[in-house]
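Please treat every number below as a calculation from the coordinates, not as lab data. Note that the coordinates shown come from a computational prediction; the quantities given were computed from them, not determined experimentally. Cβ: placed from backbone, ideal geometry, glycine included. Neighbour counts: every protein chain shown.
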Amino acid sequence: MVHLIQQFVSCCRAAGLRVSTSEVLDSLKQLQLIDPTDEVQFRSLLRANFAKSIREVLHFERLYHLFFHEMRMDTGDMRQAAAHSEHIKKAAAILKQKPHESPVYDAVIDFLAGNPLTLLQEMRRIQTESDDETTPVRFNFGPLASRFNVLIQITKAASAAGALVEENDLKMESAARRDFAVYFEERFAAARSILMFEPRPGDTSTKKVKTYEQHLKDLGEKSFASFTHQEIEEMRDAIDKLVRKLKNTVSRRFSVRDRGNLDVKKTLRASAKYNGVPVEIKYRRKAKRKSRIVTICDVSGSVWAAARFMLNLLYSLQDCFDKVNSFVFIDKLTDVTQVFEEHDINEAIHMVMEGSTVNFNTSTDYGETLRNFKRDYMDLLTKKTTLIIVGDGRSNYMNPEDMILGEMRDRCRRVIWLNPEQENLWGTGDSEIKTYTHHCHEVRPCRNVNQLITFIEELVL
């Protein structure tokens, strides 16, 4: 155990971790107070003595894993481990006899044999290397050349080891040769990892600060159903800012008057009160028509999360439309337009969820919903109306009544279906979304806030 700890301390020092002699002695004394065969206790003891800061803790953990796991063989089968150990020593001796000129090659072979000390020393030298210590220069050619040389030697050693296994110089059976080849691949992969991603202290503890906009964008990629309460509040604030922006854009569009082509007739008519002088210039303006919105939202299960955000956005943007009529359903259609018009959006959503008009214990039936709409609300659909349906199209193998949706399409301006389900699940099982697609102008996924916001911007602007 003492020899093992001494080897580990040498590797730590070679990698730049400061370990004093007194700390090593303290560790050896404290081994009597723990069970050294318990890895959790053993690692904690070494970490408490060798790592003096959070930066050094992370560096220590990387070195500990390298030395005690990556560089040590599995001792579950002691005979097999001993046999492999002998083969590794013979292989290292043969590989070192291969013609080479670089001491780095010997360091790579030592690493292959289970001794990472010389390779760690070389990596430490590269980290602290400079082209000229007396005269600072702008370039980094020295360390780059050294890294490239290490990579060349690793590749050279890997080729030699592969040839050694293929030619079977060690006289091994086929199964043992395969295990040996895998062992070589893992060791050389670890060597390349140290070269490309050498464990500098504190790399992972550095705080990476995201802008608020980037945070909201990342949050907007999460599925509706996976939002926490705090995340819902954050997205609600972001949606409020978007709503104000869209309202300002639409209001400016409708308030601008002195733009467009000159209307000669109106200008001459207006000049009559000024004795023919065209003081007031009149323009031809094609009045922008506000569209009417009818939404039919499935409120069963996780679909309700998407429907809630959809209703929130539409009712926040009521000024941008002539009229917004909203319906929710599971097995029967319920008109909630008046609820949203008379109450705050959050209170209205709570009333819909807690109200007795929607039975949340029944199975979803899109066919019955379409029949109810055709019977009671078909007059709401005109050539100015955009019909928006939010749902996954899963009707529990009941009659989808897709022909009624075709009649609704003929009466309105556009039919848009927003599906919060993953696209690879569309049309599977009891999903009738493929059937409804033929009667829609547009079917688009709507699994997160970013997709919903993109749709609303296209709808309003």
In percent, how large is the relative contact order of the chain, given Cα pairs closer than 8 Å and 6 or more residues apart? 11
Peptides 109-115, 22-28, 294-300, 263-269: what's the order by average Cβ count within 10 Å, highest mean first? 294-300, 109-115, 22-28, 263-269
Amide H neighbours of D365 under 5 Å, counting only residues 5+ apart in sequence or on other chains, H built in-plane at 1.01 Å? D331
The range 1-71-the range 396-458 distance, computed between alpha-carbon centres (Å): 60
What residue among S395, V328, Q30 has its Cα farthest toward the positive end of the dipole of the chain, where the charges are +1 on Lys, Arg and -1 on Asp, Glu, each on the Cβ? V328
Among the lysines, which have Cα under 29 Å from the Cα of K282 when same-chain residues fewer than 8 positions away are ignored? K247, K265, K266, K273, K290, K384
Out of all DSSP beta bridges with both ends in the chain, state the antiparallel percent to the nearest 5. 25
Filtered hits (lysines, Cα-Cα < 21 Å from K171, offset >= 8 within chain) -> K89, K90, K96, K98
Give me the one-decimal nm value for the distance between modelled label points at D179 and E23, 7 Å along each residue's Cα-to-Cβ direction. 3.8
So for R0 = 41 Å, FRET eff. of T362-K222 from the Cβ-Cβ r, to 0.05, ends up at 0.90
Residues whose built amide H sits under 5 Å from the amide H of R394, excluding neighbours closer than 5 in sequence, are E432
Where does each of 154-164, 233-243 land if you order them by average Cβ count within 10 Å, highest first? 154-164, 233-243
What list of ³J(HN,Hα) values in whole Hz, one per residue of the range 172-180 in order, does the Karplus curve 6.51 cos²θ - 1.76 cosθ + 1.60 (θ = phi - 60°) give from phi, with Gly and Pro shown as x? 9, 6, 4, 5, 5, 5, 5, 4, 5
What spacing in nm lies between the two simple spin-label points modelled at D430 and Q30, each 7 Å away from Cα in the Cβ direction? 6.1
Sorted by chain and then number, the residues having a modelled amide H within less than 5 Å of the amide H of C297, at least 5 places away or on another chain, are F327, V328, F329, V390
Contour minus Cα-Cα distance for S85 and E166 (0.36 nm per residue): 27.3 nm
Be a star and scan the range 28-44 for residues whose amide nitrogen sits under 16 Å from the point 7 Å along the Cα-to-Cβ vector of V2. 28-33
Could you order peptides 225-231, 116-122, 335-341 by the average number of other Cβ atoms within 10 Å of their residues, highest first? 116-122, 335-341, 225-231
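To one decimal place, what orientation-averaged projected area in nm² is obtained for the convex hull of the Cα set of the range 289-460? Before the final figure, lay out the partial values.
Values: hull surface 36.4 nm².
Its average projected convex-hull area is 9.1 nm².
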Subtract the Cα-Cα distance of R411 and Q97 from 0.36 nm times their separation in residues, and report this length gain in nm to one decimal. 104.4 nm
Return the distance in nm (one decimal) between the two label points of a simple spin-label model at A48 and R375, each offset 7 Å from Cα along Cα→Cβ. 7.5
Over the range 289-460, relative contact order from alpha-carbon pairs under 8 Å, at least 6 apart, %: 22
